[in-house]
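The values are calculated or read from the model by the stated rules, or taken from the named source; none is laboratory data. Here the structure is a predicted model, which means the values were calculated and not measured. When we count neighbours, we look across all protein chains shown, and the Cβ atoms used for this are built from the backbone with ideal geometry, even at glycine. Please note that ligands, DNA and RNA were not included when accessible areas were found on the heavy atoms of the full protein model with its side chains. Shrake-Rupley method; radii C 1.70, N 1.55, O 1.52, S 1.80 Å.
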Amino acid sequence: MRTVSAALQAHLEGALLTVCTLWRVTRVDGQIFGFTDHDRDVTYDGVTYLAATGSIPSNIKTAAQLSVDNLEVQSMLSGSTLTEADIYAGVWDFAEVLIQVVNYNDLTMGAMILRKGWLGNIKTGRYNFIAELRGMMQPLQQTIGRIYTASCDAALGDARCGVVLGNFTVTGNVTAAPSARAFTDSARAESNGYFEGGLVTWVTGANVGYRMEVKNFTDGTVTMQQAMPNTIVIGDEYSMSAGCDKIRSTCIAKFDNIVNFRGFPDLPGRDAMLSGRL
């Protein structure tokens with residue numbers, strides 16, 4: 001149920017409207033950004049909502065039942081706030097979004113909240129991006145509870161896994177960088193595949209603070225799942241955690257953590273059922 005002040009409600013019911021939409025985006029790192037479809041910046045509740053980027057939202061549909069109401073917003077990339085590099089690096093992933101309407105001629109009337117949710121998929125074009133806003137009903141689409149699988153369903157290093165990830169994390173410096181997606185550290189002596197599925201975090205350089213999953217690790221050369229937004233240069237410092245393929249033999253040999261293994265590899269699967277062996 002939306003609550004609107006009497007003054008704003010009276011204005012909305014009038015013949016002449018002076019309203020605009022405000023988008024407040026709170027990233028997971030705590031930084032807050034504001035955007036508006038007004039032709040000038042609006043400062044409301046301590047946040048300055050920028051008009052420079054511009055935005056074109058899709059229609060907002062609200063239903064009484066528990067259906068998922070998602071929408072999209074299209075906006076221009078801006079060198080000061082919204083950059084393609086940050087989007088590719090996941091800086092804006094899972095940011096919290098609050099959409100509200102205000103009377104820009106009299107902000108004391110308060111705001112009417114239209115939607116609250118989180119950023120979902122983000123697609124970028126040459127000069128703009130399209131972001132999906134997932135409403136508060138989105139978690140209803142998620143699977144709740146555990147299912148039987150042969151592989152472990154815990155995340156490496158979480159409370160259910162119990163592995164101290166710091167014991168399987170290394171630091172180093174780049175000695176060769178053939179592309180923005182791959183680099184070599186000649187000091188790495190770990191076995192091939194050791195870091196596959198792990199995570200690279202950049203400590204220095206143009207990509208400082210950015211993270212990316214490891215796709216392949218062979219003879220000291222790391223290939224990441226996606227290219228980093230900025231150039232990797234020799235000397236850049238990184239930290240990198242080991243990867244886990246979620247199978248029992250790896251849990252035993254690599255992490256010595258079979259007591260916390262969360263898979264069910266001995267449970268007969270569908271193939272056993274179809275073969276008639278049960």
Pairs where the first residue, in the stretch 142-161, is over 11 Å from Cys244 (Cα atoms) and at pLDDT below 85 and the second is open to solvent by less than 60 Å² (accessible area, probe 1.4 Å) and small (Gly, Ala, Ser), C-beta under 9 Å, 6+ apart: Tyr148/Gly263; Tyr148/Gly269
Top-ranked residue in the stretch 87-132 [being among the basic types (Lys, Arg) and over 27 Å from Ala6 (Cβ atoms); ranked as modelled with the highest pLDDT]: Lys123
Any hit, the stretch 226-235, residues being modelled with pLDDT under 95 and closer than 29 Å to Ala159 by Cα: yes
Members of the stretch 196-226 that are free of Cβ contacts under 8 Å to residues at least 12 places away in the same chain and under 16 Å from the mean Cα position of the chain (by Cα): Gly209
Identity of the residue in the stretch 229-259, touching a residue at least 12 places away in the same chain (Cβ under 8 Å) and among the charged types (D, E, K, R), that ends up least open to solvent (accessible area, probe 1.4 Å): Asp236
